[in-house]
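Okay, so here's the structure we're looking at.
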Amino acid sequence: MEIKLNNINFGEKTVKIKNGSVKELLKKISLNDDSVILVGKQGKIYTKDEKIKNGEEIKVIEVFSGG
């Protein structure tokens with residue numbers, strides 16, 4: 001299955017994953033699930049336990065905190 005990603009750091013790219021899980025996608029792109037928010041079409045936010053549909057377009061927003 002192919003997922004289209006968009007991120008300010010790496011631009012647009014297509015990632016191939018096997019089972020469509022958010023965990024697998026984040027592992028494939030080497031990001032920690034605590035440091036990003038995945039937003040799909042119409043503002044759907046994906047949690048780490050959800051499945052992603054084939055061909056979905058997802059915006060990867062990196063979250064930072066500091067003090």
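The values are calculated or read from the model by the stated rules, or taken from the named source; none is laboratory data. Everything quoted here is computed from the prediction, not taken from an experiment. Backbone-built Cβ (ideal geometry, glycine too); neighbour counts: all protein chains shown.
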Subset of segment 15-51 [closer than 14 Å to Glu2 by Cβ, more than 9 Å from the chain's Cα centre (by Cα) and at pLDDT 90 or above]: Val15, Lys16, Ile17, Lys18, Glu24, Lys28
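May I ask you to verify whether Gly55 is loosely packed, with under 10 Cβ neighbours inside 10 Å and either hydrophobic (A, V, I, L, M, F, W, C) or at positive phi (or both)?
Working: loosely packed, with under 10 Cβ neighbours inside 10 Å: no; either hydrophobic (A, V, I, L, M, F, W, C) or at positive phi (or both): yes.
So Gly55 does not fit the description; no.
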Total residues in segment 30-45, condition in contact (Cβ under 8 Å) with a residue 24 or more places away in the chain and either under 16 Å from Val15 (Cα atoms) or touching a Pro at 6+ places or on another chain (Cβ under 6 Å) (or both): 1
Any hit, segment 18-28, residues being without any contact (Cβ under 8 Å) to a residue 40 or more places away in the chain and touching a Leu at 6+ places or on another chain (Cβ under 7 Å): yes
Test: residue in segment 60-67 that is loosely packed, with under 14 Cβ neighbours inside 10 Å, of a type in the set (Ser, Thr, Tyr) and at pLDDT below 90: yes
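So which of Lys48, Lys53 is in a loop (DSSP other than H, G, I, E, B) and either in contact (Cβ under 8 Å) with a residue 60 or more places away in the chain or in contact with a Lys or Arg (Cβ under 8 Å, 6 or more places away or on another chain) (or both)? Can you show your working first?
Numbers: Lys53 fails: either in contact (Cβ under 8 Å) with a residue 60 or more places away in the chain or in contact with a Lys or Arg (Cβ under 8 Å, 6 or more places away or on another chain) (or both).
It is Lys48.
Looking at Ile58, is it touching a residue at least 40 places away in the same chain (Cβ under 8 Å), in contact with a Gly (Cβ under 6 Å, 6 or more places away or on another chain) and either not acidic (Asp, Glu) or not in a loop (DSSP other than H, G, I, E, B) (or both)?
Numbers: touching a residue at least 40 places away in the same chain (Cβ under 8 Å): yes; in contact with a Gly (Cβ under 6 Å, 6 or more places away or on another chain): yes; either not acidic (Asp, Glu) or not in a loop (DSSP other than H, G, I, E, B) (or both): yes.
Here the answer is yes, as Ile58 does meet what is asked.
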